[in-house]
Structure formats: structure tokens, C-alpha cells
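The values are calculated or read from the model by the stated rules, or taken from the named source; none is laboratory data. Predicted model only: the values in this text are computed from it and were never measured. Please note: Cβ atoms are built from the backbone with ideal geometry, for glycine as well, and neighbour counts cover all protein chains shown. Side chains are part of the model used for accessible areas, which takes the heavy atoms of the whole protein and leaves out ligands, DNA and RNA. Shrake-Rupley method; radii C 1.70, N 1.55, O 1.52, S 1.80 Å.
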Amino acid sequence: MRSVWVAGSVNMDIVATAVRYPKLGETVLGRELFFFPGGKGANQAVAAAKLGARTALIGKIGTDAFGRELRHFLATENVCLTFLSDAADAHSGTALIAVANAENAIIVVPGANALVSQRDVAAPPVGQGDVLVSQFEIPLSTVRAFFSRARFVGATTILNPAPAVDFDRDLLELVDILILNETELGTIARAEIREEDPEARIIEVARTIQTSESQTIAVTLGRRGAVAWAQGTGLSIPGEAVKCVDTTGAGDCFVGAVAAQTALGVPIDQALVYANVAASLCVQRIGAGPSMPTHTEVMERLRRS
């Protein structure tokens, strides 16, 4: 079996729920407070592992209480932590998340994630056919080095360019599968994308940032599902009708699912349908890391559909 290698962030998510978001300068009473393991890298690694792929996480955490709890959680989810190291001079990454009406607003404090280096991603024994996944919650120079190594060994790369930041577009030339939401697509393509835009337009915008004919670009659309441009064809994956509780981690679930399916040799069109169902299960639970579904749950949902 091919392996999934995720180079990315590990955070403790501090989640506060409320009836609505406060306006600027306003205080509102919250309902509940939770502490959940999270971080885009950790979420994607947990998703891939629970969905059947042999998965390892490359990253850094602090030696604080959050770091110890994060390491324990990831180990219980069968994520290989050989290349998750401790940073004695930085706190563990932390995300402050407000949840209201099933939507979220997030502030991320990188902490140890900012110290993930090119040396860290050069150490793991990645091989031909493996799947390498990364995002933008670790230094961009590290992501570039990670994907350059993938090109050298013949591995498949998956980039989730989130959070949306400015970056050198030649990084996209190292990406085999680009997975992003419409906001991130608009930032990269320098195009205005509205929530009500037809799928055909979103696919056309996605095609403008494609760097090779073999590159897949998948755009997640929340309740609307997802669209993609893959193998010269536009794909539309309709949304699942579910009761949404918390969207935190849904995009990461989608990415981890595509990575797992790719490692297992599943064609990209089928992988995207599978990932869409996995994400629909994720949003029915609160929290990020702990909300990732299992392969059994996804297959049961697919059978019912």
C-alpha cells in the first residue's frame, strides 16, 4: 500500500459556541466551550488514517500541556508520529474558533507550526507512488521543499492552499491535485467569485490557474458540494442533504479523503465523490479532528445514497 505523508500544522482548537457572532466592539454570551485537537495538517492526517490509508504526520508541537494532549490524540487515531517533533522554544499551535449558526470564524496562532523546516520534510522515507499533502499553515518554503522532493521520487502531491495567502505561483507547478474553496480560488485567480455563481463559471475560473493538463483542481462549495476540472473534464459533485452542526474541519476531511483514496489507487472522479460524502459526515459533529468519519461510515452513507 502507498503511504500518505502530511506535512502541516497541529493545533489545539479552543471552540466557543454562541447564538450569533458579536459585532465589532460587542460582547455576546457564549453557550459552550470545547478544546479539540485540530490544525489543518493534523485534521487531514487523521481523516486519511481513519479512511484506511497508512498515514504519517510531519510537524512540530510544543512541550506544553496542549502538545502532550495532541500527541496522545494523534497516536490513538493510528497516525504515525515518528516525524512529529517537539519544539522546546515555542508553544503548540492554537486556534480560537467561534461557532454560530453552524458556521465558524477562526484565528490561528501558529506557535511551533512556524518552525516546521525544510530539514523536517527531507527526513521521512517517501517513495514512488506515495501521496504527499500540505497546506499553508506551515512556512511556504517548507511546502515547496516537500513537493520538490515528491517530484524527485515520483510521488503524488496534494495542496490545500489555506489559509489564503499570497505566494509564488510557480509552486502550483509542483502540485498534482489542488483542493481549495471558492474564496481561495478567487484569491489565487484574482477573480471575484460569488456564492451564487453557477458551477460552470467556477470550473472556468479553476481552469485559468491550471499549470498542466494532468493537474486536477477541485473546488469545495460547502452545502453545494464540489466541482472539479480533472482529466480534461468538468465534474459536479452535488451536496449531501444533512443537518450541519459545525463546518470546522470539513475541508480538511475532504482533502484527507482524497489523499487516502488516491493512495489506495482509486480514480480521481470516484475519490472526489467519496470525499464529498466524508465531509458531509464531518459537519454533523462539532470539532475538527475528532469529527473525522471512518471508512465504514462513508461506505454506509454511499450505500444509502
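Karplus-derived 3J(HN,Hα) values for the stretch 62-72, using 6.51 cos²θ - 1.76 cosθ + 1.60 with θ = phi - 60°, are x, 8, 7, 4, 4, x, 5, 5, 5, 4, 4 Hz; glycine and proline are entered as x. In straight-distance terms, cross-link reach from Lys243 covers every one of the aspartates and glutamates whose alpha-carbon lies under 13 Å from its own, apart from those fewer than eight places away in the same chain; here that gives Glu103. With each label modelled as a point 7 angstrom along the Cα→C-beta vector, the His72-Ser148 pair spans 4.0 nm.
For P(r) over Cα pairs in 10 Å bins from 0, in percent, the value calculated from this model appears in (i) 7, 30, 38, 22, 4, 0; (ii) 5, 21, 22, 19, 18, 10, 4, 1, 0; (iii) 7, 28, 35, 21, 8, 0 under label (i). Label sites at Arg303 and Ser141, each approximated as a point 7 angstrom past Cα along Cα to Cβ, lie 5.1 nm apart.
Protection proxy ranking, highest mean first, for peptides 269-282, 123-136: 269-282, 123-136, where packing is the per-residue count of other beta-carbon atoms within 10 Å, averaged.
Computed 3J(HN,Hα) for the stretch 227-232, one whole-Hz value per residue from the Karplus formula 6.51 cos²θ - 1.76 cosθ + 1.60 where θ = phi - 60°, is 10, 7, 10, 9, 6, x, glycine and proline marked x. Residues of the stretch 214-229 with an amide N closer than 17 Å to a point placed 7 Å from the Cα of Glu204 along the Cα-to-Cβ direction: 227-229. Remark: spin-label model distance Arg285-Thr63 equals 3.3 nm, labels positioned 7 Å along the Cα→Cβ axis.
In straight-distance terms, cross-link reach from Lys60 covers every one of the lysines whose alpha-carbon lies under 21 Å from its own, apart from those fewer than eight places away in the same chain; here that gives Lys40. Computed over the chain with a Gaussian network model linking Cα atoms closer than 10 Å, the most mobile of Asn181, Asn101, Asn11 is Asn101. Please compute the length gained on full extension between Lys23 and Asp89, using 0.36 nm multiplied by the number of residues separating them and subtracting their Cα-Cα distance. That pair, Lys23 and Asp89, stretches by 20.2 nm at full extension.
Estimated at the nearest 10 Å², the accessible area of Arg20 is 100 Å² with a 1.4 Å probe. For a label point 7 Å from the Cα of Val109 along Cα→C-beta, name the residues of the stretch 6-20 whose backbone N is under 19 Å from it. Those under the cut-off are 9-17.
Protection proxy ranking for 47-56, 283-292, using the average of other Cβ atoms within 10 Å per residue and placing the highest first: 47-56, 283-292. Note on Lys50: aspartates and glutamates with a C-alpha under 14 Å away, same-chain residues under 8 apart excluded, are Glu77, Asp252, Glu297.
Summary value for the chain: 19 percent relative contact order, contacts being C-alpha pairs under 8 angstrom separated by 6+ residues. DSSP beta bridges fully contained in the chain are about 45 percent antiparallel. Can you give me the relative contact order of the stretch 4-80 as a percent, contacts being Cα pairs under 8 Å and 6 or more apart? Value for the stretch 4-80: 39 percent.
Using a Gaussian network model of the chain in which every pair of alpha carbons under 10 angstrom is joined by a spring, one finds that among Ala230, Ala260, Ala200 the greatest mean-square fluctuation is at Ala200.
Over the stretch 36-140, accessible surface divided per residue gives 39 Å², non-protein components excluded, 1.4 Å probe.
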